[in-house]
Amino acid sequence: MKRYGTSILAGCAGLLLMSAPAYAQRQSQSDSSLSDTTSVIDQKQAPESFSRLAKRLMPAVVNITTSQTVAPEGLPEFPDGSPLERFNEFFGRDPDGFRREGSLGSGFLISADGTVITNNHVIENADEINVVFNSGRTLQAELVGTDPETDVAVLKVTSDDPLPHVDFADSDGAEVGDWVMAIGNPFGFGGSVSAGIISARNRDIQSGRYDDFIQTDAAINRGNSGGPLFNLNGEVIGVNTAIISPTGGSVGLGFSIPSNLVSSVSAQIIEYGHPRRGWFGVNVQGIDQGIADAYGVNEAKGVIITSIDGDGPAAKADFEVGDLVLSFDGKAVENVRGLSRVVAETDIGKTVDVDIVRDRKRRTVSFTVGELESNTQEDEREPLPENALAQNPIGAELKEIDDDARRRYGIARDVDGVLVNSVAANGPSFGKLRKGDVITEMAFGKISGLEDAYEALAPESISDGESLLVRVWRGGQTMFFTLETER
């Protein structure tokens, strides 16, 4: 995936924050736990050496090898008994004519009974998964479950003796500048150690809708995926999953899934076989400062409800399309990603308060959080375009909706408003409204036809240069825009 001349590597997958009920459960201490929680270590003070820490933690970090049987495609196959039959093996074919593919990655144990954490993309579609310990011991692993949205997978190996394991840290307490150490299997060189600091928190690298990565400059390469990022206590602060690089190798931009998320996801996979997420049952859109001003709020923070699932939890409460959501269960909502995270982390069945703005008035609506099914997703909208220059009055030609327009643009019979027939290239509607849009509201007032629209755009209704909030129907979706007027 190319982005700004670089590549996002190591098989990063979408990041969807967990999990209702969301709980980051620490593994119980045992004799085989390698994390040191007996003393507090300054995470910002570099140790004289990482050797003792690496030696202590290495036994709990494993290499992951997989194999997958795939049908041959595009490679030559020589018939049995022919002089060239021996070359089938050269092209990677087994005796049945199928080709074997494999992958390398990293992982780590979180329990003495053999629970292993890695990335979903490391073991995806594998027919066989093996866990290779630092000592060279190899155990075949059973797949417990995966969550492709967060790129987390849980494996299980069986051993007669307790296995060395490590504990999760509280990633919410990690700070930029803290020292970290990565152990993994880069390019197949198992048992490799690299060190660095946390470079940033809450990174969105556009690999998924809910990115919330820890960024580090510790060297992470192909094969480090699924491996642990440790703090100086030997606790797992993150799971290495992606790099951004123009070369394919480490350039100091590595990204790890926060341990609190991994702990929550893995605990639910172990208990239920799959992750569980809270469900609001709405589609939402971010806002810009123009929309914030129209709603009477100071900052461009929050999201607008653009549609409500008729079978979702929100439909059972007093929510309306056009509500501006400011907080959810006491947590401020800044953008679409923020709302999705807090909803997903909320306990299923919990009744929560949602602070909204409707008709420029603040109010609170309560509802009971549902469970998000795997085939149900909270939708999100692209960021609003920048405000265009104003033109008299909004730079759009409006028409009544006739039967021809309804057929041409697929406008349902129950949709009332005015049709956008054209948009001036240098007007305020350019880049926002499109031909075929239906304006259903202006300044929170219902628009049933041209007469309503002309009244809303009249000088006595809106002053020169004043921003106008419009509600638009587009292809079955509701969107909101602010348009600056000029006469």
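The values are calculated or read from the model by the stated rules, or taken from the named source; none is laboratory data. Source: prediction; values computed, not measured. Neighbour counts run over all protein chains shown; Cβ positions are idealised from the backbone, glycine included. Side chains included, ligands, DNA and RNA excluded: accessible areas come from the protein's heavy atoms. Shrake-Rupley method; radii C 1.70, N 1.55, O 1.52, S 1.80 Å.
For Thr478, Thr485, give the ranking by accessible area with the largest first, probe 1.4 Å.
Values: Thr478 25, Thr485 5 Å².
I get Thr478, Thr485, largest accessible area first.
So how long is each side of segment 400-487 along the principal axes, counting just the alpha-carbon atoms, biggest first, in Å?
36, 25, 19
Using 1/(1 + (r/R0)^6) with R0 = 30 angstrom and r between the beta carbons of Glu334 and Val144, what's the FRET efficiency to the nearest 0.05?
The formula returns an efficiency of 0.30 here.
On a 23 Å Cα-Cα criterion, which of the cross-link pairs Lys301/Lys331; Lys316/Lys350; Lys301/Lys435; Lys331/Lys361; Lys361/Lys446 come out too long? Walk me through the intermediate numbers first.
On the way: Lys301/Lys331 12 Å; Lys316/Lys350 14 Å; Lys301/Lys435 29 Å; Lys331/Lys361 19 Å; Lys361/Lys446 18 Å.
Violating the 23 Å Cα-Cα cut-off are Lys301/Lys435.
Simple spin-label model, 7 Å along Cα-to-Cβ: Asn202 to Asn426 in nm?
In this crude label model, Asn202 to Asn426 measures out at 4.1 nm.
In whole Hz, what ³J(HN,Hα) sequence does segment 114-120 give by Karplus (6.51, -1.76, 1.60; θ = phi - 60°), x for Gly and Pro?
For segment 114-120, the Karplus-derived couplings read x, 7, 10, 10, 8, 8, 4 Hz, x marking Gly and Pro.
Which value, in Å² and to the nearest 10, is the accessible area of Thr150 when all protein chains are kept and the probe is 1.4 Å?
0 Å²
How large is the accessible surface of Phe280 in square angstrom, using a 1.4 angstrom probe and rounding to the nearest 10?
About 0 Å², rounded to the nearest 10.
Please report how far the C-alpha centroid of segment 278-311 lies from that of segment 443-482, rounded to the nearest whole angstrom.
18 Å
Cα gyration tensor of segment 107-251, axes a ≥ b ≥ c as square roots of the eigenvalues: rounded (a/c below 1.5), prolate (a/b > b/c) or oblate? Present the calculation step by step, with values, prior to reporting the outcome.
Working: a/c = 1.58, a/b = 1.41, b/c = 1.12.
It is prolate, given that a/c is not under 1.5 and a/b is the larger ratio.
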